[in-house]
1. Being of a type in the set (Ser, Thr, Tyr) and outside any helix (DSSP H, G or I) narrows it down to one of SER4, SER34, SER18, so name that one.
2. Would you confirm whether any residue within the range 8-15 is in a loop (DSSP other than H, G, I, E, B) and surrounded by 10 or more Cβ atoms within 10 Å (Cβ to Cβ)?
3. Name the pairs: first residue in the range 7-28 and more than 13 Å from ILE40 (Cα to Cα), second residue in a helix (DSSP H, G or I), Cβ to Cβ under 7 Å, at least 6 apart or on different chains?
4. With the requirement that a residue be surrounded by 14 or more Cβ atoms within 10 Å (Cβ to Cβ) and not hydrophobic (A, V, I, L, M, F, W, C), what does the range 22-37 give you?
5. Give just the number: which of (1) out of contact with any Asp or Glu (no Cβ under 9 Å at 6 or more places or on another chain); (2) surrounded by 10 or more Cβ atoms within 10 Å (Cβ to Cβ) does PHE19 not satisfy?
Amino acid sequence: MRKSTRLNDMMIFLSDKSFFNLKDIMQEYGISKSTAIRDIQS
């Protein structure tokens, strides 16, 4: 999955949540902790 597509999808995924943790994102998108952190920071 392209980063831009993943970021857009991640925004939709997180919009329904009042909180989240990295493990949720890592499992949902099959990405590493480092990638999850980079994506959140972008």
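1. Within the list SER4, SER34, SER18, the selection yields SER18.
2. Looking for residues that are in a loop (DSSP other than H, G, I, E, B) and surrounded by 10 or more Cβ atoms within 10 Å (Cβ to Cβ), one finds none in the range 8-15, hence no.
3. GLU28/PHE13
4. Answer for the range 22-37, where residues must be surrounded by 14 or more Cβ atoms within 10 Å (Cβ to Cβ) and not hydrophobic (A, V, I, L, M, F, W, C): ASP24, GLU28, TYR29, THR35.
5. Failing condition for PHE19: (2).
Conditions (1) modelled with pLDDT of 90 or more; (2) touching a helix residue (DSSP H, G or I) at 6+ places or on another chain (Cβ under 7 Å); (3) at negative phi, marked per residue:
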{"residue": "SER4", "(1), (2), (3)": "yes, no, yes"}
{"residue": "ASP9", "(1), (2), (3)": "yes, no, yes"}
{"residue": "LEU14", "(1), (2), (3)": "no, no, yes"}
{"residue": "LYS17", "(1), (2), (3)": "no, no, yes"}
{"residue": "PHE20", "(1), (2), (3)": "no, yes, yes"}
{"residue": "ASP24", "(1), (2), (3)": "yes, no, yes"}
{"residue": "GLU28", "(1), (2), (3)": "yes, yes, yes"}
{"residue": "ASP39", "(1), (2), (3)": "yes, yes, yes"}
{"residue": "SER42", "(1), (2), (3)": "no, yes, yes"}
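The values are calculated or read from the model by the stated rules, or taken from the named source; none is laboratory data. None of these values were measured; they are calculated from a predicted model. Note that we place each Cβ from the backbone using ideal geometry, even for glycine, and neighbour counts take in every protein chain shown.
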